[in-house]
Each structure stands twice: as C-alpha cells, then as structure tokens.
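Since the structure comes first, as structure tokens, the remarks are kept for the end.
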Amino acid sequence: MAQHFREPERRQKTLLPADMMEWLPQDDIVHLIVEAVAMIDLSKFEAAYRVGGAGQAPFAPQLLLALLIYAYSQGVRSSRAIERLCHRDAGYRFIVGDNIPNHTVIARFRKRHTAEMKVVFLGVLRLCREAGLVQLSLVALDGIKVQGNASLEASRTTANIEAEIAKILAEAEATDAREDSRPAVQQGASLPKWLAGKAEHLARLRRCKEKLERQAAAAAARQQAKIDAREAEEQATGKRRRGCKPKAADPSIDPHTNANLTDPDSGIMKTRRGWLQGYNGQIVVTTGQIIVATDANDVQQLHPMLAQAQANMVAVVDEDEQDTVALGAAMADAGYWLEANVDAETDDCELIIATQKDHKQRAALRDALPPRGRKPKHMTARECMDRKLRTRHGWDRYRRRGASVEPVFGQMKDRQGARHFSMRGLESCRGEWNLNAAAHNMRKLHSDFVRRAEKATKRLAERVKKAASSGLLPPQHIFVAKTPCFLPTRPPPTPIPQQALEAAEIVRCLAKLATGSSLHAWVFTCGGVCVNRICKV
C-alpha cells in the first residue's frame, strides 16, 4: 500500500528532456508531418521571399507549412490560437522550436500561398500512393456545404446593389464638388478616409453585379440550348412535340436573385439546419478513404472532378507508370444525376449514379429483384441506370459509396473542424480545401504507419521469442521496440558490448524475414543501452 501521494515539483529547473525528439511519443503524427513536409518541393513557396538582403530573416516556408498542417489535423484554424499553442503545446513547440511566429505571420502565409496548397496536396498524395494506400479501381464522388466567411445578412438583390452604387457615386460627386469650390491651397491631396472605404465597398458591389449578370447570361444560354434542341428534334421527326413550348431565353437579371457583399463568390445554400452562405466542397475518395481530388465551388461537377482525379494521379506517379493510371469506376449520389453525365461515360471509367435520393435508392434496391435476360432496346438513360443499379454488380458497388465518402466528411468536420472557411474568395477557399484534404490524408498515412508497425512488431517478437527458445539469443539481454522510420537516426550514447552487437546482428536477420514493408524501423537495446536501428530497405 502506498504511503504518500505523488505531487509535482514545480520549482524543478529541468522538466522536459534535453533532446526535443523525446518530448513526444515516437509514433506521434508530428514526426511524420515534419518529415513529409521536408520531402515536398517548396520552391514555389520560397520564390515569394527575398533572402540575403537587409532586414529580419523570414520564417522558413517548411516551418510554417508543417505548423499549418499539424494545426489543421488537430482542428485548430485560428492563427491566434496557433500562436498561443506554440507557447504551451509540446507538439507545436517541436515544430517551431524557439522561433515562434506571430499570428500575423501565420495568417499572411496562409493567405499568400493559397494557390500553392495544391502542390502540398499532391505531395501528400504521392506519399500515400508510395505507401500503397491509393487504389483506383473504385472511387466515390460527393460534396458537402461548407460555411463561408460571410453572413446571410450581407446578401443584396439587384435593386439594392444598384441603389447602393448610385448612392456611393452621388456622395463621391458631392465630395468632388465641395473640393472644387475650395481654394487650391485648401483642397485635399488625397481622398478622405471615409471615401476610400466607400471605394472598396463600391468595388465589391460591382463584383456582385457582374456575378449576377454572368449567372443570368448562363441561364439564358441553357434555355436557348433547350429551345434549339427541341426545334432540331421537331425538324428531324416532322412532328411537333407535346407539351408547353419553353419560354424564350431572357438575359435580364432575375430581381429575386442576390449576391453577398462580404464574399461575392459564395452562394446561398440550403441544409438540414437551414440556409448558409458558403461553398460546395467536393472530393473524390478511394474505398480506403484517401482523397485524390478536391474543389470548392457553388455547383456540382461530375466529369471535371473525375478528370482532376485522373490528372492528380498522373502527376504523382513515375513517368513509366503514367499510361497505366485509370479510374475503374466512379460512384455518385443523385445530386450528380444528369443524362448528359451518363452520355459522356467512357470505357475506362464506369459511372454508377443514383437516380433518386440515397435513402429512397437504397430502399428501392433492397426490395427490387435483379433483372433477368438481355437488356431491352430503346431504354432511356434513367432506365438503363436503374437497371444497372438493380444488378448484383451495380448494387455491390453502389452500396460501398456511403462507407467510402461519408466517413471522410465526418472526420474532416469533427476531427479537423472543417465546418467553415477562414478566408474569402473562390481561389482562397479552394486553397484552404486543399489544405484540409492534405491534413486528412496525412492522418490516414499516420494511422497506416502505426498499424503496420504494430503488426510487424508482433511478428518480429514472435520470431525473436522462437529464436530465444532455441538458444540462438539470450532473452535477458534483448529488448525490441518499434519505431516509425520517419524519425532521424541518432548514434548510441555509450559504447556497445560485443555480445550485444552479435545479438543485434541476429535480430537484424530476423527482422528482414519478419517484415514485408519498408516503412518501419526497430531499436534494439541491451540493458537499456541503444544497440542499433534497423530498417528494411
């Protein structure tokens, strides 16, 4: 029975180990993030800085990028919170050391390099592929509505936008008139501060108006295409189609449509909990929940996302393997159903798209009998897809869609806090979505490392135990501990006995037999003294 309580000694001068590598467990994700970022080509990041001249040296892009990925993987997005954790958290302090960046540096780095986040995403995807985690035989495509950095109350209709533009222009003209009426000595050399703010507001209003005009023009073009297709069909058949004739295309702006002043690129979207102002974050994932393509927009696109997934995989493989990269089949819910999408299906990539909402589709397929006989002729695109989904081949593939893509959204929203964007603008949100995807793939890669290390350690321990029982090894001198190979190798602190070296040589041979992966290493100790670090190549 214990005789006292364990209490901390707060006046102790040294609490953490002198070596930073011992601050955290050897299988912590921070080690993988630091080593993975060191393997990514950051020349595009470094090109934005000027070194060698006067002034304070900038923070290394490798440091700030590793800090952002680690923070996003832990669900921290605020630059002020990241700065605070760099003082208090061992994981953040391991990345930055004594060079703790200011929250302004972190925010500016994230905003400046949004376009380069695609390079980071591809770099992490390349590591996942080399680890054998990317299988392209079956992929799933889906989207989720993400809150933007804007409010619904900042939305304006066309009439409101034109009224505010006219008001700002009238105020500017009145200011100019007052300035012209004063003597030349009293006239201001620059715009007043309030008028300069109005100029920025005016620019955003004009962006909103241009967006509404583009949407109206696109809607008119789609309506005209429907009219032309109907007329072409009537001329080809010589018969008039039944039903009401479509309305003529009108390029004018609908007075009920609106745009957001804070973030003109965002849109109003309906969710289960109401309406939000944001973007549609889309991803293409494998059955192993590895993201291979990302995008953030206000419309759902099937073929552009699949084409991007194909291009991303071609970019991360070797040149001699680029011709063999191909998507086997793609699954999507009813939000991507269009006859035009099905008509564009290729022989390389099979499309399996639901024709109704997911819960209705599953209920219908659960009770339906599989089709028998040959495929009937003169079937519409929807009927052909419904028939494919009723087959054993189609149902077995479509039922894996939910288990592939839905957990990814849950992990990104709950574990990483990817429920809203921190920046404004379409390109900035695309860069942040790529950063979210890179952090997710990094977490999957780390989980695979740990899982493989545990399995390999068990196999190695069994072989060591078998060798010790046969008399090849003295079991009282050998201790085997698994260590991910992304940790740098350090020399042993003390001289190694000859007996320990001989034992380690035998264990090295056993390790080569026991492991089939090149992703793990082991540390062998004799009496608490580091003997060797073995990694199968």
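Please verify whether region 440-461 includes one or more residues that are more than 23 Å from LEU127 (Cα to Cα), basic (Lys, Arg) and not assigned by TED's automatic domain parsing to the domain that holds ARG273. I'd like the intermediate steps shown before the answer.
Applying the first criterion (more than 23 Å from LEU127 (Cα to Cα)) to region 440-461 yields 458-461.
Now drop any that are not basic (Lys, Arg), which leaves 458-459.
Among the residues that remain, those that are also not assigned by TED's automatic domain parsing to the domain that holds ARG273 are: 458-459.
There is at least one residue in region 440-461 that is more than 23 Å from LEU127 (Cα to Cα), basic (Lys, Arg) and not assigned by TED's automatic domain parsing to the domain that holds ARG273.
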Flag for LEU195 being at pLDDT below 70 and surrounded by 14 or more Cβ atoms within 10 Å (Cβ to Cβ): yes
Using the structure shown, decide if THR346 is in contact with a Pro (Cβ under 8 Å, 6 or more places away or on another chain), among the hydroxyl-bearing types (Ser, Thr, Tyr) and under 28 Å from VAL134 (Cβ atoms). no
Is at least one residue of region 64-87 in a helix (DSSP H, G or I), more than 19 Å from the chain's Cα centre (by Cα) and either closer than 22 Å to LEU445 by Cα or touching a residue at least 60 places away in the same chain (Cβ under 8 Å) (or both)? no
Can you confirm whether GLY91 is assigned to a helix (DSSP H, G or I) and at pLDDT 90 or above? yes
Please enumerate the residues belonging to region 16-32 that are out of contact with any strand residue (DSSP E or B) (no Cβ under 7 Å at 6 or more places or on another chain), within 30 Å of ALA439 (Cβ to Cβ) and assigned to a loop (DSSP other than H, G, I, E, B). LEU16, PRO17, ASP19, TRP23, LEU24, PRO25, ASP28
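Sort out for me the strands (runs of 3 or more DSSP E) sitting completely within region 233-328 that have 2 or more residues that are hydroxyl-bearing (Ser, Thr, Tyr). So that I can check it myself, show each step before the final result.
On the way: elements: 258-260, 267-271, 274-286, 291-297.
Output list reads 274-286.
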In region 346-381, anything within 27 Å of the chain's Cα centre (by Cα), surrounded by 16 or more Cβ atoms within 10 Å (Cβ to Cβ) and in a loop (DSSP other than H, G, I, E, B) is listed as CYS349, ALA354
Hey, GLN310 at pLDDT 90 or above, within 30 Å of ARG424 (Cβ to Cβ) and of a type outside the set (Gly, Ala, Ser) or not: no
Please name all residue pairs, on different chains or six or more residues apart, with Cβ atoms under 6 Å, provided the first residue is in region 156-173 and is part of a helix (DSSP H, G or I) and the second residue is surrounded by fewer than 15 Cβ atoms within 10 Å (Cβ to Cβ). THR158/PRO255
Determine which member of the set ARG443, ARG424 is within 16 Å of the chain's Cα centre (by Cα), at pLDDT 85 or above, of a type in the set (D, E, K, R) and crowded, with 17+ Cβ neighbours inside 10 Å. ARG443
Out of all the residues in region 386-400, is one or more assigned to a loop (DSSP other than H, G, I, E, B), modelled with pLDDT of 85 or more and more than 25 Å from the chain's Cα centre (by Cα)? yes
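Can you pull out the residues in region 271-285 that are in contact (Cβ under 8 Å) with a residue 60 or more places away in the chain and surrounded by fewer than 23 Cβ atoms within 10 Å (Cβ to Cβ)? Full working, then the answer.
Just the residues of region 271-285 that are in contact (Cβ under 8 Å) with a residue 60 or more places away in the chain, to begin with: 271, 275-285.
Across region 271-285, the qualifying residues are THR271, TRP275, LEU276, GLN277, ASN280.
The values are calculated or read from the model by the stated rules, or taken from the named source; none is laboratory data. In this text, all values refer to a predicted model and were calculated from it rather than measured experimentally. No Cβ is skipped: glycine too gets one built from the backbone with ideal geometry, and neighbour counts run over all protein chains shown.
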